[in-house]
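Chemist: Next up is a structure, given as structure tokens.
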Amino acid sequence: MTLAKRILDGDIRAASRLMRDIDDRIPSALESLKELYPHTGKAYIIGITGPPGSGKSTIVDKMVDFFRKEGKTVGIVAVDPTSPFSGGAILGDRIRMQRHATDEGVFIRSLATRGCLGGLTRSTQDIINVMDAMGKDIILVETVGVGQDEVEIVHTAHTSIVILVPGLGDDIQAIKAGVIEIADLFVINKCDRDGTDKVERDLRLVLEMGRRREDGWEPPILKTEAITGKGIFELVYGILRHKKAMEKNNVLEKRQRERAKTTFLEILTSEVMAHFIQKIEKEGKWEMMLDELMNRRTDPYSMAEKIIEEELRKK
Ligand SMILES: Nc1nc2c(ncn2[C@@H]2O[C@H](COP(=O)(O)OP(=O)(O)OP(=O)(O)O)[C@@H](O)[C@H]2O)c(=O)[nH]1
Ligand SMILES: [Mg+2]
């Protein structure tokens, strides 16, 4: 039986094995992913991002309680672009969800960067697809930080949540770039602390200055106190409200189409590039090509055109 079939049959060890292969970029993982793809597209994906220590994992943990009580199965992907290590154990303390570890309805996986550009987004998407094919109803993707990687990762979610905390100071300005635009819901966590009103005011100001969204959705600002569970019900309800609104005006389908396109283009780009790089290396032409560029006998634009033309003519 193939690895993919075992996964579809509910074999959890097979799923872990494939995720490890994805992590290690073992080529055979692709075959499994191909086989699983027709069985994906059913899960509801929720992205959660925010500064380190803002309470993302605590919020995820509390949300899992809710979803499990409703009988839903949950997948959790914890992504840490700042860590060079992947796997379960090392990032374990960032997840703080060990009490769900024995629940068969919950599957947790950590992911870290391997220093490969765009690689993390790609692997995250692959891991999400495996969990989706496993039949998980809801997939929560937690990413640390507020940079470009997180924006890309969270962008693949159906509902994206951005977490803020009191006392961020000027950090709200840093978060502004890119992340504010992708938030469907804002959460101010640690509301037991001073300064909640200030973050809220700052955030509203930033939102008012920003563009109105094309889809007409106005991201609500919710307040939580994740350690006590305060506000989590409202958050889950907010996600549901966002889902309903997107379904009503077909934004959900549009997002899924957009996601399919992005994924395809990413794969196409890297495949085409790998093809040409291999060709140049096989023919041992690097040095010659670089000499031509250095001597200005040709330019990189013409060189790219030429190599593409040569390849197409061959076919
Ligand atoms: N005071 C207070 N502390 C909280 C609250 N929510 C979480 N914490 C604490 O904040 C710390 C960080 O929480 P995590 O859930 O691990 O935060 P995180 O954003 O997942 O952290 P990283 O994954 O390391 O970036 C823990 O000690 C939590 O107990 C809250 O509402 N109030
Ligand atoms: Mg965490």
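Chemist: When the gyration tensor of the stretch 29-74 is built from Cα positions, what are the square roots of 5 times its three eigenvalues, in whole Å, from largest to smallest?
Modeler: Values for the stretch 29-74, descending: 27, 17, 8 Å.
Chemist: Using a 1.4 Å probe and ignoring any ligands, DNA or RNA, find the accessible area of H275 and quote it in Å² to the nearest 10.
Modeler: About 80 Å², rounded to the nearest 10.
Chemist: Counting alpha carbon pairs within less than 8 Å and at least 6 residues apart, what relative contact order, in whole percent, applies to the chain?
Modeler: Relative contact order here is 18 percent.
Chemist: Using a 1.4 angstrom probe and counting only protein chains, how large is the accessible area of K244 in Å², to 10?
Modeler: Roughly 120 Å² of K244 is accessible to a 1.4 Å probe.
Chemist: Moving on. Would you mind counting up the charge near K306? Only other residues with Cβ under 14 Å from its Cβ, with Lys and Arg at +1 and Asp and Glu at -1.
Modeler: Every neighbour counted, the sum reads -2.
Chemist: Once the principal axes of the Cα atoms of the chain are found, what is the range along each, listed largest first in whole angstroms?
Modeler: Result, largest extent first: 66, 53, 40 Å.
Chemist: Mind ranking F264, F186 by accessible surface for me, highest first, 1.4 Å probe?
Modeler: Output order, biggest surface exposure first: F264, F186.
Chemist: When only the heavy atoms of the protein chains count and the probe is 1.4 Å, how do M134, M288 rank by accessible area, highest first?
Modeler: Output order, biggest surface exposure first: M288, M134.
Chemist: Taking the radius of gyration and the Kirkwood hydrodynamic radius from Cα positions alone, what is the Rg/Rh ratio for the stretch 166-297, to two decimal places?
Modeler: Rg/Rh for the stretch 166-297 comes to 1.23.
Chemist: When we measure straight from the Cα of K285, which lysines land under 27 angstrom away, once same-chain ones fewer than 8 places off are left out?
Modeler: Excluding near neighbours in sequence, the set is K306, K314, K315.
Chemist: To continue, here is another question. Under a cut-off of 24 Å between alpha-carbon atoms, report the lysines in cross-link reach of K69, not counting same-chain residues fewer than 8 places apart.
Modeler: K42, K56, K136, K223, K230, K243, K244
Chemist: Further, regarding this structure: Multiplying the sequence separation of K69 and K248 by 0.36 nm and subtracting their Cα-Cα distance, what value in nm do you get?
Modeler: 61.8 nm
The values are calculated or read from the model by the stated rules, or taken from the named source; none is laboratory data. Just so you know, these numbers come straight off a predicted model, no measurement behind them. All Cβ positions, even for glycine, are placed from backbone atoms using ideal geometry, and neighbour counts span all protein chains on display. When the accessible area is computed, the model is the full protein with side chains, heavy atoms only, and any ligands, DNA or RNA have been set aside. Shrake-Rupley method; radii C 1.70, N 1.55, O 1.52, S 1.80 Å.
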